Structures are given as structure tokens and as C-alpha cells.
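Structure first, commentary second.
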Amino acid sequence: PVVIHRADYAPPAFLIDSVALEFDLVPTRTIVRNTMRMRRNPGAVRAPRLELLGEQLELVSVAVNGAPHAAARAHEHGLTLDDVPDAFELTIESACAPAENTTLSGLYVSSGNFFTQCEAEGFRRITYFLDRPDVMTTYTVTLRADKTAYPVLLSNGNLIEEGDLPDGRHFAKWEDPFKKPSYLFALVAGQLVALEERIKSASGKEKLLQVWVEPHDLGKTRHAMESLIHSIRWDEERFGLELDLDRFMIVAVSDFNMGAMENKGLNVFNTKYVLANPETATDTDFANIEAVVGHEYFHNWTGNRVTCRDWFQLSLKEGLTVFRDQEFSADMAGGASNEAARAVKRIEDVRVLRQMQFAEDSGPMAHPVRPESYVEINNFYTMTVYEKGAEVVRMYQTLFGRDGFRRGMDLYFKRHDGQAVTCDDFRVALADANGRDLAQFEGWYSQAGTPRVSVWTNYDATALRYTVTLKQGYGDVAPAARETQTGPLLIPFAIGLIGRDGADMPLRLDGESAAAGTTRVLEFTGTEQTFTFVDVREEPLPSLLRNFSAPVVVEYDYTAGELAFLLAHDSDPFNRWEAGQRLATRELLALAARAAQDAPLSLDDSVVAAFARVLNDETLSPAFRELALMLPSEAYLAEQMAESNPAAVHRARQFVRKRLAAALRDDWLAIHERHQTPGAYAPTPEAAGHRGLKNLALAYLAELDDPAEAVKLASAQYAEANNMTDRAAALSALLAASTAQETPAAESALADFYRRFEKEPLVIDKWFALQATQRGTAARPVIEVVRNLMTHPAFNLKNPNRARSLIFSFCSANPAQFHAEDGSGYAFWAEQVIALDALNPQVAARLARALELWRRYTPVLREKMRAALEQVAAQAKSRDVREIVEKALV
Ligand code: HT7
Ligand code: ZN
């Protein structure tokens with residue numbers, strides 16, 4: 001394979017001063033006329049010829065300064081032009097076939113409408129171009145299409161002209177005043193309607209906001225619009241950043257590879273992250289919509305105004321923008337000062353990071369936040385680039401505080417607005433604005449793998465000194481990742497010390513004149529370093545890495561009693577939750593080891609009691625209690641085992657769930673009753689917290705050996721629900737209960753759910769996903785259900801949301817069933833990766849990753865996984881899938 005290396009970066013040989021694009025939109029054959037004003041780049045080595053990138057295009061004509069150009073040669077990867085002057089106008093006509101484009105990259109048709117997706121390298125499927133992010137130019141776009149079939153014609157920027165053409169056609173001309181890279185280009189054409197709002201931005205300028213959807217979805221756009229307005233206000237207030245265009249559009253499309261795309265002024269969204277009403281969307285959907293609308297809007301400054309020099313710098317925009325959307329959601333949930341509400345969001349984010357990014361970091365796809373090489377860039381839109389990248393940005397804020405972080409952001413924009421820059425430029429701006437040398441911090445961008453911090457403590461009762469010794473290193477990683485690990489990192493390590501009364505102690509480090517604060521951020525820079533606290537009146541219990549101040553694993557030998565104490569008392573809500581997770585993880589891993597040996601399982605009463613205390617602690621928010629009582633996921637637990645054994649983990653986790661269900665039965669019943677949310681549905685964090693805890697109670701009750709009571713409650717909740725959160729939770733509980741005892745209630749609720757929501761694709765996705773993630777029985781393994789559902793008339797492999805709802809849900813979110821010992825899950829996976837590969841390589845490659853940690857499993861599973869991977873390696877055609885399976889098999 002061709003490997004692209006970061007070290008090989010060279011500036012472009014030519015620049016484009018402006019581009020005019022004209023589209024004659026026809027599904028089977030769209031003609032694109034592209035006129036570029038080009039010149040040689042004075043900052044680059046003189047190139048012998050002009051190389052433009054292009055894929056899947058039919059070249060029609062080429063003209064230089066208006067005259068046909070004979071020295072032009074089209075090939076598989078683009079167009080080569082010899083004999084070009086130093087500055088010239090280049091006009092290229094080409095054709096593409098949007099209706100046949102199942103890759104959903106470039107120009108394609110979805111539900112009869114036209115859409116584009118250009119990030120990362122889709123623009124070259126639309127026209128020949130210097131399709132790289134450091135070539136920025138201004139675009140004028142003319143769209144022509146049949147007026148009846150495509151009444152709405154949209155592109156980036158401002159609408160400057162529109163009108164009718166002969167033969168029932170019409171046109172619209174758009175101009176984007178801002179220079180942008182080609183990956184931010186977009187067009188949309190079709191039968192769409194918009195919810196509109198006019199607002200004034202901070203400086204008093206009028207802005208038109210639109211959310212475009214298919215006509216039957218107009219009633220589901222209000223929440224997205226409100227989320228957009230909140231995002232605009234938040235960026236003005238928190239970062240002083242204003243919307244720069246007169247018009248900002250969001251368009252929803254049902255066929256989409258990812259969540260959404262931040263094209264300048266014309267964001268294109270997966271319908272999943274736009275459409276919501278109480279009947280069709282859950283609390284999680286509402287929260288995700290707010291987060292994704294925010295994320296894409298925030299890209300307008302962090303990504304669009306300041307963009308990436310090359311794709312190795314992807315985290316420059318993605319890590320920073322994820323951090324910004326996380327802070328936005330935290331502020332929306334709890335404001336700047338409600339630490340408990342902010343902690344709930346923090347816990348949710350860290351859960352995702354630890355479950356997904358830590359796993360990625362331990363496997364064959366491990367890479368630094370700023371990767372060194374790739375075969376297919378689409379494979380590097382990863383948890384590491386996004387989520388670990390966000391943690392890296394968060395650490396600047398932890399080190400410098402909110403004000404220091406803001407100073408750094410201001411300087412970053414002052415220096416780099418309108419430029420394509422690097423992660424180093426960002427780091428240097430943050431350092432300079434705060435008068436710091438952050439050279440060591442570069443390691444966070446260049447080193448792969450999850451750092452481990454081992455902690456030792458010692459209390460000297462005579463001298464009243466408490467020492468904390470930290471040692472950093474990495475666990476086992478692939479050799480390629482180990483090579484990147486060059487030296488110690490600067491780790492902001494937040495710590496508190498808790499006294500016997502459960503209260504935080506005031507903290508004074510050796511050498512300081514007085515105590516200050518109860519949480520301190522230690523700057524841990526050496527391989528091993530000791531920090532000494534003085535005036536420590538009694539031996540404290542350390543609260544380590546408060547608020548998860550760095551993306552590391554902390555190793556410290558807490559006793560079960562100490563964890564229970566932290567769970568009851570830590571003033572840091574994140575660490576309170578963390579103590580419960582550590583306690584649960586420890587018990588679950590011990591039980592999984594026993595389950596693997598078919599030994600009997602038991603759980604100490606003290607563990608149950610520790611969880612019962614949190615569950616019934618009314619001073620804690622329902623949302624926090626829900627998170628505290630949620631056990632670590634099966635995937636996370638399997639990953640912690642020396643040899644991953646999904647069946648043993650499942651048995652252990654189910655054992656604990658059943659034990660908690662039975663021991664706390666009365667509490668669960670009381671909670672289910674007490675946390676009802678009568679009246680009209682509102683997706684506020686508070687109401688969502690009540691529903692979350694209530695539905696967790698229902699899920700536990702469904703684990704009882706005799707689930708009759710749960711079935712009764714769930715059936716009533718299913719029938720009476722006025723919102724999707726409660727209805728879906730009830731259906732899920734019915735499915736869980738039917739594992740213990742076949743119940744007609746589950747089957748009839750499933751059938752009812754389908755009938756009710758047949759016309760709502762996003763809800764039917766839930767219907768598929770619920771069945772793919774169910775527990776299954778020996779008599780009816782889930783693979784049978786899934787194979788059967790593949791033949792359902794509503795199943796469609798070409799629609800990524802539908803493929804994800806059934807295939808990905810089974811392969812990635814149902815480990816115990818997917819990893820069946822007979823290898824049936826792997827055979828299914830291989831078939832689907834190969835089938836998807838022929839349609840949509842990006843989606844196929846995502847599915848391919850479900851087996852990448854194969855070496856970590858028990859020998860029986862490992863061998864079957866290897867065989868499946870080899871089968872895919874032998875048959876896959878795309879660069880996308882090949883990169884994943886070949887790296888996995890190395
Ligand atoms: N910047 C976008 C990333 C993206 C993408 C989006 C849709 C389809 C394919 C895509 N490839 C990459 C989304 C974001 O992070 O905001
Ligand atoms: Zn993004």
C-alpha cells in the first residue's frame with residue numbers, strides 16, 4: 001500500500017486565487033465546469049507540471065486561458081497538465097454520476113435529493129482540484145437543475161442571484177466571501193423545506209438561520225434550531241467568537257457516513273442529529289443533537305477560519321472542537337459553577353474515552369493524536385484524534401485555568417485567522433499567551449499509547465508529612481506505538497487529601513508559606529517524582545487525578561474499604577463515581593476469572609451496601625446516581641482481562657446485576673415510582689436525570705429471577721409513555737425480562753413498536769438496534785435474530801444508519817453474543833464487511849475494526865477471529881478495509 005508520511009509534507013506547487021464552479025445537476029450524469037485562477041506558489045519548489053487530483057471523473061475538456069490545452073492527461077488519480085504558464089486561468093469540464101455513488105463521498109443522491117460530502121478527500125470526486133487543506137480559495141458556485149424536481153438549490157456563503165432557465169430549469173448563484181479549503185465545499189439540491197429564525201449577533205448584525213429537511217420532517221426541527229441559537233450565544237460569550245456570515249444553514253440527510261459536516265455556512269447533518277420530537281427521540285438523542293449542532297457550529301472558527309495544514313493535523317480542529325462541544329454541553333447542563341451537573345457530563349465523556357479510546361490505544365490501530373503516517377485518511381477519524389485530542393486541549397485549561405486558556409485562544413486567532421496551520425502552532429500560541437515553555441507538552445501529540453501513572457504514598461506521623469510518589473510509563477503496546485514513546489510527559493495531576501471525617505484537608509506543599517485550596521494540580525514532568533505535603537494532621541486518603549485531569553490510567557492499591565469511603569465522601573464528584581467504578585471493576589474481574597473456570601460466584605454484602613448508600617443518597621442528583629449504579633461495560637471489562645473472555649465477563653456482570661436487582665428490589669421499586677416525570681415532556685438535564693434513574697431501576701427489576709413485576713411495570717410504561725425515552729426503556733426491559741422467562745409481552749411490544757413507527761426511519765433504527773443488542777437465549781442466539789432481520793423489508797445495507805443499527809450493534813455492542821464460541825458472529829462479520837466494502841468502503845472499514853483486538857482474546861476465539869480477518873484480507877478491495885485488516889494481522 002502507499003503510505004503517506006507526515007514528514008513528507010511539502011507546500012503546494014500551485015495556488016488557486018479563486019474558483020468558479022458551475023453544476024448542471026442530473027442524477028445519472030452531472031456536468032461540472034470548473035474555472036480556476038491559478039499561479040505558481042512562490043514558497044514552493046518549481047514543479048515541472050501541474051498535478052490535479054481527481055477520482056471517478058469523466059474528463060470532457062481542458063482549456064488554459066480560454067484555449068483548449070492538448071498537454072493534459074487524465075489518469076486514475078487525477079489530471080496532469082504539462083506546459084502551464086506561471087499564472088493562468090484553467091477551465092475544466094468533467095462529468096460524474098451521483099445516482100450511482102454509494103460511497104456517500106463526493107456528490108451523491110439521497111431520497112432523490114443531491115448532497116455532497118467532501119471531507120476528507122471527496123472534492124476530487126466532484127472536479128479535478130488541488131484537493132488538500134492548505135490550498136484555500138474563494139468560491140463562486142452556480143447550480144442549475146430542473147425546478148420541479150429540485151426547487152431548492154444551496155451552496156456555501158451568500159445567495160447572490162437566482163432565476164429561471166428554459167426547459168423548466170432554474171439556477172442559483174452562491175458566493176462565499178471567505179477563503180476555504182475544498183473539504184469545506186458543499187452543495188444541496190432538492191425538495192426541502194426550512195424552519196427559519198432571524199437573530200442579531202453580539203455586534204448587532206442580523207443573521208438568517210435555517211434548518212432544512214424533507215417536508216414531512218419539518219415538525220422535528222425546533223430542538224436543532226434552539227441548539228444552534230444556544231451555540232451561537234455560547235461561542236460569543238465564552239470565546240468572544242461571532243458568526244461571520246449573514247446566513248447559516250443546517251441540512252439533514254438520511255444517508256450519511258458520519259454524524260455531521262461543518263461545511264462553511266452550510267452544515268450537512270445526519271438526520272439522527274437534527275430530527276427530534278418527544279415521541280421519536282430519546283433524552284440521549286436530544287442531548288446528542290445539541291452537542292453535534294454545537295460541534296459543527298464551533299468548527300466555524302476552530303476548523304474553518306483556522307484550518308489544518310495537512311490531515312496529520314486533524315486533531316487541531318477535531319480535538320479542540322470536541323473540547324469546545326463538551327464545555328458547551330456542560331455549561332448548558334449546569335452553567336459554569338454547578339460542579340455536580342458538570343461532573344455528570346465529564347463522567348459520560350470519560351466513560352467513552354476509556355471504553356473506546358483506551359482500547360484503540362492498546363491495539364494495532366494505536367497512533368498518536370497527531371499521526372505519523374496513514375494509508376487512508378478516513379481511517380484516522382478516530383477516538384484518539386477526537387476524544388484523546390479533546391483531553392489534550394482540556395489539559396491546557398487545567399494548567400492555565402479558564403482565563404489563561406481564553407488568552408491562548410485569543411492569541412491563536414490573532415496569529416492564524418485565515419491560515420492552514422499545525423498542532424505545534426496551537427501549542428505555541430497557548431504557551432506564549434501564558435508565558436510558558438510547553439516544549440515537553442509536545443509528547444501528548446507525538447506519543448501513542450495510554451500512559452500509566454503508578455502512585456505510592458507515605459505518611460510520617462511525627463513530621464506530619466505526606467509524600468506522594470508518581471511514576472509514569474506505558475503498559476503493553478504494539479511495537480509501532482512503542483517507538484513513539486520517547487520520554488516523560490507533562491501530566492497535570494489533580495489531587496486532594498481526605499481526612500477521617502470525610503472532609504478535604506487544606507493543602508500545603510513543602511516550601512509553600514501557607515495552605516491554599518483543597519485540590520492541587522501537580523505538574524508531573526519527570527519519570528518519577530515525589531511531592532510532599534506538610535502540616536498533614538492525620539493520615540489522609542488520597543483522591544487521585546480529580547476530575548480526570550489527564551488521559552492516563554492511575555495505579556494505586558486502594559482497599560475495598562477505602563474505595564467505599566471515597567464513594568461515600570469524596571468532594572470531587574468525578575472521583576466519587578470513579579471509586580464506585582474501581583470497586584465494581586475489581587469485583588467483576590475477580591468474578592469473571594472464576595466464571596472462566598466455571599467456579600461458583602459470590603459477592604460480598606459490603607459491596608452491595610456501598611452501592612445501596614449511593615443509590616439512596618438524596619443529596620446526589622438522579623443523573624449522578626444513575627451513572628454510579630451503572631456497571632462498567634462488558635467491553636471495558638473484557639479489555640481489562642489478561643485474556644479477554646466475553647462469555648465469562650457476561651456471566652460475571654449478569655451475576656452482579658441480578659444480585660443488585662434482588663438485594664435492592666424494594667429500593668428499585670420505590671425509585672421507579674418516585675422518579676416519574678408527570679406532565680409534558682421536556683428534554684432538560686434535570687427531567688432526563690429522573691427518567692434515567694427510573695429506567696435504570698426498571699432495567700434492574702427486569703433482571704429478577706421472577707420478572708413478573710418488571711413485566712407488569714414495563715408493559716404499563718410502554719403503553720402509557722408520552723416520550724421515546726420511556727417507551728424504548730420499557731421495550732428494552734421487556735426484552736431483558738423475556739430472557740429469564742419467555743413472555744408474550746416482549747413480542748407484542750416489539751410488533752407494536754414497529755407498527756407505530758413504521759414511517760420514522762430513525763425509530764426503526766432503534767427497533768433494529770434493540771433486537772441486535774438483546775441478550776438472547778441458548779434456544780435462540782441473537783445471531784439468528786440478526787440474520788433474520790437482514791431479510792426484513794426495512795433493512796437496507798446502503799443506508800449507514802440502518803447498517804449500524806443492526807450489524808454494528810450486534811458486532812460491537814453485544815460482545816457475549818457476537819463472540820459466540822462457534823465463530824458464527826465472526827463469519828457474519830466477514831460477510832458483512834465484504835458486502836459493505838463493495839458499496840461504501842468508509843463504513844466497511846469502521847465495521848472491520850470490530851475484530852482489531854483479536855490477539856487479546858482466549859485462544860479458541862483468537863484463532864477463529866484470525867481466520868475471519870484473513871478471509872476479509874483476501875477479498876477486500878478498498879484501501880480503507882485493507883489498511884485495517886492488514887494492520888490487525890501484522
Ligand atoms: N469534520 C467532519 C468529519 C468527517 C466526515 C463527516 C461526514 C462524512 C464523512 C466524514 N469524514 C470526516 C465531522 C466533524 O468532526 O465535525
Ligand atoms: Zn468535528
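Every test in (1) basic (Lys, Arg); (2) in contact (Cβ under 8 Å) with a residue 60 or more places away in the chain; (3) surrounded by 22 or more Cβ atoms within 10 Å (Cβ to Cβ) is passed by Lys345 save one, and that test is (2).
Residues that are closer than 17 Å to Glu22 by Cα number at least 1 in the following strands (runs of 3 or more DSSP E) confined to the range 155-210: 158-164, 169-181, 187-190.
Residues that are surrounded by fewer than 24 Cβ atoms within 10 Å (Cβ to Cβ), of a type in the set (S, T, N, Q) and without any contact (Cβ under 8 Å) to a residue 40 or more places away in the chain are absent from the range 302-314. Please tell me if Ala359 is crowded, with 23+ Cβ neighbours inside 10 Å, more than 15 Å from ligand 1 (Cβ to nearest atom) and of a type in the set (A, V, I, L, M). Here the answer is no, as Ala359 does not meet what is asked. Within the range 306-336, being within 13 Å of ligand 1 (Cβ to nearest atom) and either modelled with pLDDT under 95 or not in a helix (DSSP H, G or I) (or both) holds for Thr307, Cys308. Right, Ala688: part of a loop (DSSP other than H, G, I, E, B), more than 24 Å from Ala816 (Cβ to Cβ), hydrophobic (A, V, I, L, M, F, W, C) and under 26 Å from the mean Cα position of the chain (by Cα) or not? Answer is no for this residue.
Taking the range 733-833 as the region of interest, none of the helices (runs of 4 or more DSSP H) fully inside it holds 3 or more residues being among the hydroxyl-bearing types (Ser, Thr, Tyr), crowded, with 21+ Cβ neighbours inside 10 Å and touching a strand residue (DSSP E or B) at 6+ places or on another chain (Cβ under 9 Å).
So, Leu430, is that one touching a residue at least 12 places away in the same chain (Cβ under 8 Å) and in contact with a strand residue (DSSP E or B) (Cβ under 7 Å, 6 or more places away or on another chain) or not? No, not satisfied.
Among the residues of the range 272-285, just one is within 13 Å of ligand 1 (Cβ to nearest atom) and either within 19 Å of Val109 (Cα to Cα) or in contact with a Pro (Cβ under 8 Å, 6 or more places away or on another chain) (or both), namely Lys272. Within the range 589-596, is even one residue within 29 Å of the chain's Cα centre (by Cα) and not assigned by TED's automatic domain parsing to the domain that holds Gly502? Within the range 589-596, one or more residues are within 29 Å of the chain's Cα centre (by Cα) and not assigned by TED's automatic domain parsing to the domain that holds Gly502. Checked against (1) away from ligand 1 (no atom under 15 Å from the Cβ); (2) not in a strand (DSSP E or B), Ser227 meets all criteria but (1). Examine the range 354-369 for a residue that is closer than 30 Å to Glu236 by Cα, at pLDDT 95 or above and within 16 Å of ligand 2 (Cβ to nearest atom), and state whether such a residue exists. Yes, there is a match, as at least one residue in the range 354-369 is closer than 30 Å to Glu236 by Cα, at pLDDT 95 or above and within 16 Å of ligand 2 (Cβ to nearest atom). From the list Asn257, Asn267, Asn263, the lone residue that is part of a strand (DSSP E or B) and within 14 Å of ligand 2 (Cβ to nearest atom) is Asn267.
Note on the range 534-627: enclosed helices (runs of 4 or more DSSP H) holding 2 or more residues that are among the basic types (Lys, Arg) are 573-596.
When you look at Arg144, is it surrounded by 19 or more Cβ atoms within 10 Å (Cβ to Cβ) and over 26 Å from His416 (Cα atoms), yes or no? Criteria met by Arg144. The set of residues in the range 466-500 being within 18 Å of Glu555 (Cα to Cα) and assigned to a loop (DSSP other than H, G, I, E, B) consists of Gly475, Asp476, Val477, Pro488, Leu489, Leu490. Candidates Thr382, Thr422, Thr398: the one that is of a type in the set (Ser, Thr, Tyr) and within 16 Å of ligand 1 (Cβ to nearest atom) is Thr382.
The values are calculated or read from the model by the stated rules, or taken from the named source; none is laboratory data. Small disclaimer: the values here were computed from a predicted structure and weren't measured. Note that each Cβ is placed from the backbone with ideal geometry, even for glycine, and that neighbours are counted across all protein chains shown.
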